[in-house]
Amino acid sequence: MSKIQILIIGRHPEILQTVVRLVNNNPDWECTGVITDEEAFAAFAAKPYRLVLLCNGVTPESEEKLRRVFRQHDPGIIIVQHYGGGSGLLSAEIRQALGV
Amino acid sequence: MAQTTLHKAGTRGHANHGWLNSYHTFSFANYYNPERMHFGALRVLNDDTVDAGMGFGTHPHDNMEIISIPLEGDLEHKDSMNNVAVIKNGDIQVMSAGTGIYHSEYNKDRAHRVKFLQIWVYPNQLNVEPRYDQITLKAEDRHNKLQQILSPNAGDEGVWIYQNAWFHLGQFDKGLSTTYNLKAKGNGVYVFVLSGDIKVNDQILNIRDGYGIWDTDSFTIAAESNAEFLLMEVPMQI
């Protein structure tokens, strides 16, 4: 079974690294972590994702733009906010969003 | 009419990592229960016991209001804002993680365990500048009355957070009762029993039970035995 692809966007490199590591600990998930909106758009165009996780530092303006562009590209994309910075909430947020 | 939800102590998630024994009221880490995700803006209520000499290594947080209330023993806190502090029973610590913070928490005592509540509240502002604060509470200020320990206002009693939330502690002698009036429309209160037995309206609660109540302006709390409890008023919409 192919892994669920997750795109993670966060402005703080070390926190992003932690979130990526924690998500990839789950054998069913595979994630790509990016810092800028431009990297996010490029990553999103490069392969299909099931879920986008918005992490720290993403401003409301960026979030609105990211959501609009992603939805234009894939109306079914799931986009959720991650709170806590790679915390104990991460797994539950993803599982809830995926409905698994 | 008031709406309620009851979480008996024994129904909480549980993880025993050896050095850390933790009970989760809401889904956390490997405990996942879609029916137990949060109570309004209250997202985490962990009831942690840390072995002597052990603790949480440096780890990140962001965009969360994190409140720690030690119930027994001392916990040393170090963070990326150069704060080094020891929080002990009777203190309350708050961190607004905002754009990102790293911290560690250790029980430096080689002989005694630490018991503390770890409470996370969704913030009402994202990406704020991280901040840290701790204060020592006066135990006599909650004996047979409610002691405000947290609010949204920097000038108010207790610590403050980026959320329209108010926390109170009470240590009531058997037979004492009071009425809690909610501070804000649209808020609910999560009651958590620290010791003894209490009655919230008609609902009996025992040690470590949790009880959420909302769609009401007030409710009564009566001590069925000598009891300590924590009230967490938070917005129900996030």
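Taken together, the values in this text are just the output of simple stated rules run on the coordinates, not laboratory data. All values reported here derive from a predicted model rather than from experimental measurement. All Cβ positions, glycine included, derive from the backbone under ideal geometry; neighbour counts span all protein chains shown.
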- Considering the Cα trace of segment A:1-87, what is its radius of gyration and what is Dmax, both in angstroms? 11.9, 36
- Report the extension gain between B:S225 and B:I207 in nm, rounded to one decimal, defined as 0.36 nm multiplied by the number of residues separating them, less their alpha carbon distance. 5.4 nm
- Hits among lysines - C-alpha to C-alpha of A:K3 under 21 Å, sequence gap 8 or more where chains match: A:K47
- Note on the structure: If A:V80, B:V200 are placed from fewest to most neighbouring beta carbons inside 10 Å, the sequence is A:V80, B:V200
- Query: Regarding segment B:12-125, what is the average projected area of its C-alpha convex hull, in nm²?
  - Reply: 7.0
- Rounded to 5, the percent of DSSP beta bridges in segment B:139-235 classed as antiparallel: 90
- From the square roots a ≥ b ≥ c of the eigenvalues of the alpha-carbon gyration tensor of segment B:139-235, which class results: rounded (a/c under 1.5), prolate (a/b over b/c), or oblate? oblate
- By the Cα gyration tensor axes a ≥ b ≥ c (a/c under 1.5 gives rounded; else a/b larger than b/c gives prolate, otherwise oblate), the shape of segment A:37-93 is prolate
- Note on the structure: If each part is reduced to its alpha-carbon centroid, segment B:103-155 and segment B:169-186 end up apart, in Å, by 19
- Message: At a threshold of 8 angstrom on Cα-Cα distance, excluding pairs fewer than six apart, so keeping six or more, what relative contact order does chain A reach in percent?
- Response: 31
- For every helix of n ≥ 4 consecutive DSSP H residues, a contribution of -39,500 (n - 2.57) applies; sum these over chain A, divide by its total residues, and give [θ] at 222 nm rounded to the nearest 500 deg cm²/dmol. -13500 deg cm²/dmol
- Item | Cα centre as origin, Lys/Arg/Asp/Glu Cβ charges: segment A:1-94 dipole, Debye | 180
- For chain B, what relative contact order do you get, as a whole percent, if you take Cα pairs closer than 8 Å and at least 6 residues apart? 20
- Message: Can you give the Rg/Rh ratio of the protein assembly as shown, where Rg is from the C-alpha atoms and Rh is the Kirkwood radius?
- Response: 0.98
- Note on the structure: Residues of segment A:1-41 with backbone N under 17 Å of the label point set 7 Å from the Cα of A:V100 along Cα→Cβ are A:1-8, A:20-32
- Across the residues of A:63-71, average count of Cβ atoms on other protein chains within 10 Å? 0
